[in-house]
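Since the structure comes first, as structure tokens, the remarks are kept for the end.
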Amino acid sequence: MLRTTQFIQKRLASTGKDLLRTPLYQAHIDHGGKMVEYAGFEMPVLYKDQSHIESHKWVRSNVGLFDVSHMLQHNISGSESKLFLQKVTPIDLDLLAINSSSLSVLLNKDGGVIDDCIITKHGENAYYMVTNAGCRAKDVDFLKKELLQFLDVKHNTFEGTLLAIQGPKAQDLLQKFTNEDLGKIYFGQTKFLKLSPINATVHLARSGYTGEDGFELSIPSTSEVEQQEALSFFNTLIAEYPEIVKPIGLAARDSLRLEAGMCLYGHELTEDLTPVDASLTWLIPKTRRELGEQSFNGAAKILSQIKDKSTTKRRIGITSKGPSPRDGNKIFAEDGKTEVGYVTSGSPSPTLGGNIAQAYIDKKAKIGSNVKVDIRGKLRDAVVTKLPFVESKFYKQ
């Protein structure tokens with residue numbers, strides 16, 4: 001596991017650029033965070049006195065705090081906001097209840113994934129969206145160009161504290177800070193509420209990127225007072241409940257999402273891959289498919305793939321022993337001669353032991369079949385495995 005941590009640190013190493021800092025930066029320093037560059041920000045990859053394995057397992061059994069303030073938040077409103085979002089993504093917003101959210105993808109004209117996103121419906125003409133930090137400039141440029149086709153859409157991005165509270169004890173912890181009954185808010189639902197001692201209204205979403213139950217809080221942090229309140233809240237959670245709460249960095253976030261079979265943009269998702277290629281066909285509901293080739297960006301290609309079942313590879317898991325598969329490793333059939341796919345991300349699994357990886361593999365390869373992975377010039381045994389590796393524990397009705 002030391003090699004895994006070193007790999008992640010190397011991948012996120014600082015380049016000496018002027019880096020942005022989130023409102024929680026000082027808390028990371030105070031708690032001994034090892035800061036690295038990530039998507040133009042200084043972010044904690046690990047904290048002192050916590051190994052990668054310890055951090056990962058802590059989230060699976062207690063509560064981990066993740067600073068995700070580097071991600072970009074959007075407000076989209078106006079009489080054409082639904083039309084706009086349904087052009088750039090395949091979502092059906094009529095199927096989404098008010099104060100509910102859903103995963104979706106921003107699509108280019110060829111159906112390739114510009115970014116994945118979470119869209120929340122706050123009203124028939126009011127939406128909130130979160131996109132990835134590493135795609136900030138690209139996403140904003142794309143959305144601005146698409147907006148030229150619409151007359152009544154207001155789009156603005158904003159900064160703030162975005163805090164993910166993840167783990168099986170997340171509800172018990174957060175309930176101590178609000179009078180709202182969190183047991184009535186289920187996975188995919190959102191609510192504006194008060195959290196003591198924060199004066200501003202907080203946007204709470206029951207969601208996350210770990211496969212565990214949890215919440216993501218958007219805390220206003222425009223003024224210095226608001227920033228201090230967000231910082232104080234983060235520190236209070238750790239100081240008052242150290243037996244169940246720890247801050248967690250990027251290293252464990254990556255291995256947790258990998259165990260949960262979740263995509264990471266730039267690895268499992270790219271502009272050269274459609275949602276169908278990525279085994280995310282479920283993101284295109286039947287209602288959008290029935291509207292035909294002009295329904296959304298890239299619909300002609302995507303609907304053709306669904307109808308003709310023309311994709312040759314699928315996103316799937318592999319498990320192995322020995323050196324861990326990494327992004328870009330080639331995958332061969334059991335004979336070691338026929339190339340059948342490639343790894344998109346991989347690491348040792350703290351929960352399961354052994355190695356796990358997501359990969360694009362020939363659709364003919366069945367779950368449980370043996371393959372070979374080329375790791376540093378040597379073919380290693382691996383097994384095609386269904387996703388997720390660790391079953392998700394979302395709080396659902």
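Taken over segment 171-181, the criterion of being crowded, with 16+ Cβ neighbours inside 10 Å and either of a type in the set (D, E, K, R) or under 18 Å from the mean Cα position of the chain (by Cα) (or both) is satisfied by Glu180 alone. If you go through segment 92-121 and pick out every residue that is outside any strand (DSSP E or B) and polar (S, T, N, Q), you end up with 2.
Considering segment 12-66, and only residues there that are open to solvent by 50 Å² or more (accessible area, probe 1.4 Å), among the aliphatic types (A, V, I, L, M) and over 22 Å from Leu352 (Cα atoms), the residue that is modelled with the highest pLDDT turns out to be Ile29. Determine which member of the set His56, His28, His70 is closer than 24 Å to Leu163 by Cβ and assigned to a loop (DSSP other than H, G, I, E, B). Only one candidate qualifies: His70.
Annotation note: Cβ proximity below 9 Å between a residue of segment 254-275 that is of a type in the set (Asp, Glu) and a residue that is assigned to a loop (DSSP other than H, G, I, E, B) and open to solvent by less than 10 Å² (accessible area, probe 1.4 Å) (sequence gap 6+ or interchain) occurs for Glu259/Thr210; Glu259/Gly211; Glu259/Ser349; Glu268/Ala278; Glu271/Gly112; Asp272/Gly112.
When Leu250, Leu283 are checked against the criterion of being in contact with a Phe, Trp or Tyr (Cβ under 7 Å, 6 or more places away or on another chain), modelled with pLDDT of 95 or more and under 30 Å from Lys191 (Cα atoms), a single residue qualifies: Leu250.
The residue list Ser295, Ser349 contains one member that is closer than 30 Å to Thr89 by Cβ and of a type in the set (S, T, N, Q), which is Ser295. Every listed requirement among (1) surrounded by 17 or more Cβ atoms within 10 Å (Cβ to Cβ); (2) of a type outside the set (Asp, Glu); (3) within 17 Å of His122 (Cβ to Cβ); (4) touching a Lys or Arg at 6+ places or on another chain (Cβ under 8 Å) is met by Thr201 save one, (1).
Among residues of segment 280-305 that are charged (D, E, K, R), those with a beta-carbon under 6 Å from a residue that is crowded, with 18+ Cβ neighbours inside 10 Å and in a loop (DSSP other than H, G, I, E, B) at least six positions away or on a different chain give the pairs Arg288/Pro90; Arg288/Asp92; Arg288/Ser295; Lys301/Gly111.
Filtering segment 215-226 to residues that are surrounded by 20 or more Cβ atoms within 10 Å (Cβ to Cβ) and either touching a Pro at 6+ places or on another chain (Cβ under 9 Å) or modelled with pLDDT under 95 (or both) leaves Ile219, Ser221.
Scan segment 148-166 and give yes if some residue there is assigned to a helix (DSSP H, G or I), farther than 29 Å from Gly261 by Cβ and open to solvent by 10 Å² or more (accessible area, probe 1.4 Å), otherwise no. Walk me through how you get there before you give the answer.
Going residue by residue through segment 148-166, those that are assigned to a helix (DSSP H, G or I) are none.
No.
For segment 261-279, a residue qualifies if it is under 21 Å from Val390 (Cβ atoms) and open to solvent by less than 10 Å² (accessible area, probe 1.4 Å), and the qualifying residues are Glu268, Leu269, Ala278. Across segment 348-389, what is the number of residues that are touching a residue at least 60 places away in the same chain (Cβ under 8 Å) and basic (Lys, Arg)? Result for segment 348-389: 2. The residues of segment 173-209 that are touching a residue at least 40 places away in the same chain (Cβ under 8 Å) and part of a helix (DSSP H, G or I), listed by number, are Leu173, Leu174. Taking the residues in segment 105-118 that are under 11 Å from the mean Cα position of the chain (by Cα) and in contact (Cβ under 8 Å) with a residue 60 or more places away in the chain as candidates, determine which candidate is nearest to Phe142 (Cα to Cα). So the residue we want is Asp115.
The values are calculated or read from the model by the stated rules, or taken from the named source; none is laboratory data. A quick note: this is a predicted structure, and the numbers were derived from the prediction, not measured. No Cβ is skipped: glycine too gets one built from the backbone with ideal geometry, and neighbour counts run over all protein chains shown. Only protein heavy atoms, including side chains, enter the accessible area calculation; ligands, DNA and RNA are left aside. Shrake-Rupley method; radii C 1.70, N 1.55, O 1.52, S 1.80 Å.
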